[in-house]
Amino acid sequence: MLELNNVEVIYDRVVLVLKGLSLRVPPHSIVALLGANGAGKTTTLKAISGLLQVERGRVTDGQITFQGKDITNWGPERIARLGIFHVLEGRHVFEHLTVEENLMAATCLRRDRSGIRKDLDKVFAYFPRLQELRHRVAGYLSGGEQQMLAIGRALMSRPQLILLDEPSLGLSPLLVGEIFRIVQEINRREQVTILVVEQNARVALEVADYAYIMENGRIVLEGEPRRLKENEDVREFYLGLTPEGRKHYREVKHYKRRKRWLS
Ligand code: ATP
């Protein structure tokens with residue numbers, strides 16, 4: 001459905017952030033893009049949704065295709081019309097609008113009023129908490145409720161592909177698990193494809209069908225979650241599991257050890 005081939009991104013004409021990144025997102029799948037702070041995960045999503053332009057960024061090499069169409073450096077509105085919805089990191093709801101108004105605002109490209117009502121009910125079925133809060137001003141919602149609202153807005157646009165930027169940010173582990181469970185349910189039931197960016201590798205690998213790990217603007221490892229979870233480096237550096245035979249991470253200067261995929 002979505003393919004990035006050797007994509008290079010430069011901000012402000014000089015800051016090279018993506019250095020030949022390639023990945024594929026098959027239809028109806030959940031694909032996770034994992035990596036540490038500053039690896040370029042958010043930039044990857046912005047390159048897809050066209051939001052790079054707003055930040056003086058540009059795809060300077062490579063190609064992004066969606067359903068076979070070359071969408072490289074298209075504007076964000078044109079990309080949204082293809083059915084790609086970007087849920088930004090940090091939620092970004094309209095603080096002064098109510099929950100219901102926020103949800104309705106995401107339907108501005110739609111004309112089917114009865115379909116919109118049905119989808120509103122659907123969002124409330126996935127997130128009953130939002131129904132209870134439907135007349136509450138969004139700025140007063142908790143972080144978790146705002147994340148639910150942000151995902152609910154994506155659903156209201158009847159997307160084909162949702163780009164989900166770090167849904168776990170700032171939420172309690174229990175809530176993170178709950179939100180990812182609902183994301184998985186939405187993917188299965190609505191057949192909507194999801195590309196999720198996460199630092200919380202543990203939870204992302206639970207729900208994803210396939211995952212990529214990126215460092216420093218490049219993909220360094222990819223595979224099915226089951227296989228990635230067996231990889232010693234992933235276990236140590238992304239899942240925080242101490243390898244057998246080591247007593248404590250402080251006792252080994254493991255930060256000096258080069259990860260195998262970089263050597
Ligand atoms: P995090 O997990 O912390 O959100 P990330 O993997 O999403 O990190 P990006 O936000 O894509 O990483 O940032 C990658 C690099 O690009 C960083 O070094 C960042 O400073 C730089 N960068 C991001 N946005 C811009 C911008 N608008 N102008 C210049 N440099 C930028």
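Overview of results
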{"quantity": "Kirkwood Rh (inverse of mean 1/r, distinct Cα pairs), the chain, angstrom", "calculated": "19.3 Å"}
{"quantity": "Accessible solvent surface per residue of the chain, calculated while the other protein chains remain in place, 1.4 angstrom probe, Å²", "calculated": "51 Å²"}
{"quantity": "Given charges at beta-carbon only (K, R positive; D, E negative), |dipole| of the chain in Debye", "calculated": "260 debye"}
{"quantity": "Linear extension gain, residue 109 paired with residue 19, 0.36 nm per residue minus alpha-carbon span", "calculated": "29.0 nm"}
{"quantity": "Full-stretch length increase - residue 54, residue 129 - with 0.36 nm per residue and alpha-carbon distance subtracted", "calculated": "23.7 nm"}
{"quantity": "Net charge of Cβ neighbours under 12 Å - reference residue 176; Lys, Arg +1; Asp, Glu -1", "calculated": "-2"}
{"quantity": "Taking the chain and dividing mean pair separation by its residue count, relative contact order in percent (alpha carbons under 8 Å, at least six apart)", "calculated": "25 percent"}
{"quantity": "Gaussian network model of the chain, springs between alpha carbon atoms under 10 Å - residue of 133, 34, 51 with greatest fluctuation", "calculated": "133"}
{"quantity": "The stretch 24-71 - charge dipole about Cα centre, Lys and Arg +1 at Cβ, Asp and Glu -1, debye rounded to 20", "calculated": "60 debye"}
{"quantity": "Share, in percent, of DSSP beta bridges within the chain that are antiparallel, nearest 5", "calculated": "55 percent"}
{"quantity": "Solvent-accessible area, 1.4 Å probe, carbon plus sulfur percent, for the chain", "calculated": "48 percent"}
{"quantity": "Of 182, 151, 168, farthest towards positive along the dipole that unit charges on Lys, Arg, Asp, Glu beta carbons give the chain", "calculated": "168"}
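The values are calculated or read from the model by the stated rules, or taken from the named source; none is laboratory data. Keep in mind that this is a model prediction, so the values were computed, not measured. Quick reminder, even Gly has a Cβ in these numbers, built from the backbone with ideal geometry, and neighbours come from all protein chains shown. For the accessible areas, the whole protein counts, side chains as well, though only heavy atoms, and no ligand, DNA or RNA atoms are used. Shrake-Rupley method; radii C 1.70, N 1.55, O 1.52, S 1.80 Å.
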